[in-house]
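The values are calculated or read from the model by the stated rules, or taken from the named source; none is laboratory data. All figures in this text were calculated on a predicted structure; none of them were measured in a lab. Every residue, glycine among them, receives a Cβ derived from its backbone with ideal geometry; neighbour counts consider all protein chains shown. We work out accessible area using only protein heavy atoms, side chains counted, and drop any ligands, DNA or RNA first. Shrake-Rupley method; radii C 1.70, N 1.55, O 1.52, S 1.80 Å.
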Amino acid sequence: MVVDPSSAYHFIEGYRRLLTMVDAQSAKPSGLTGLQLLAHSRQLITSGLAPLDSAAEALVQQGEAVDEDVLAAVQSLQLKQWVYLRDTTKYSVFIDPEFEKAYAVLGLIQPLKQVLGDSGAMMETGVMAYRDRYVCDGIFSGQLVWLGAGYRASFSENLAEIKKRKNFYKAPVSP
């Protein structure tokens, strides 16, 4: 349910450096610290207000280039209000907010259920294709909304339909 440790730390370090550089290159609201700054930088990237290539080039100029696999992952970043439905023995199930697609998602260093305390929630987070799997970036912003039994059952029905349409993705498609 998690990425292997060396890959996870490789990703986390590169992602942190990219987000930190985006923060350094942009105006930000005052009073943000730590994870709030990273979440803000992530929002700037996905909204197109902070070009990812500019941050990556600045890191190259400083001699701190981010590896291509991390950069490719960040380019695939989907920042949404996901439905985190449940866990299987191999992955966590995330459904996109339009209920058209679902993903088998891994945590980076901890299973998502362990990070959040339970499954069955809606929250804003980033999901991206990293190497041969989908991963959650582990930065949760906005309000976490827990789903009751009725909602979980309804979303399970949505998942069954998504799978029937073959829109459940366990691994990114290679180019």
Comparing Gln110, Gln78, Gln143 in a Gaussian network model of the chain (Cα, 10 Å), the one with the largest mean-square fluctuation is Gln143
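Rounded to the nearest 0.05, what FRET efficiency do Tyr9 and Trp146 have when you use their Cβ-Cβ distance and R0 = 25 Å? Don't skip to the answer; put the middle values down first.
Numbers: r = 30 Å, r/R0 = 1.21.
Working from the Cβ atoms, E equals 0.25.
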Using a 1.4 angstrom probe with every protein chain in place, what is the largest-first accessible-area order of Tyr169, Tyr151? Tyr151, Tyr169
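If you roll a 1.4 Å probe over the chain with all protein chains in place, what percent of the accessible area is carbon or sulfur?
54
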What accessible area per residue comes out for segment 29-175, rounded to a whole number of Å², with a 1.4 Å probe? 52
Got a sec? What order do Met21, Met128, Met1 fall in by accessible area at 1.4 Å, biggest, i.e. largest, first? Met1, Met21, Met128
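With +1 assigned to the C-beta of every Lys and Arg and -1 to the C-beta of every Asp and Glu, and no other charges, what is the dipole magnitude of segment 44-175 about the Cα centre in debye, to the nearest 20? Let's see the in-between values first.
Numbers: 13 positive and 16 negative charges, 162 e Å.
About 780 debye.
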By accessible area of protein heavy atoms, probe 1.4 Å, what ranking do Thr46, Thr89 get, highest first? Thr89, Thr46
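Taking only DSSP H segments of four or more residues, each worth -39500 (n - 2.57), what value at 222 nm results for the chain once the sum is divided by all its residues, to the nearest 500 deg cm²/dmol? All intermediate terms of the calculation are to be shown ahead of the outcome.
Numbers: 6 runs with 74 residues, N = 175.
Per the formula, -13000 deg cm²/dmol.
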Which entry in (1) 10.0; (2) 10.6; (3) 12.1 matches mean projected area of the Cα convex hull in nm² derived from the coordinates of this structure? (2)
Restricted to pairs 8 or more residues apart or on different chains, the lysines in segment 29-175 with C-alpha atoms under 22 Å apart form a number of pairs equal to 17
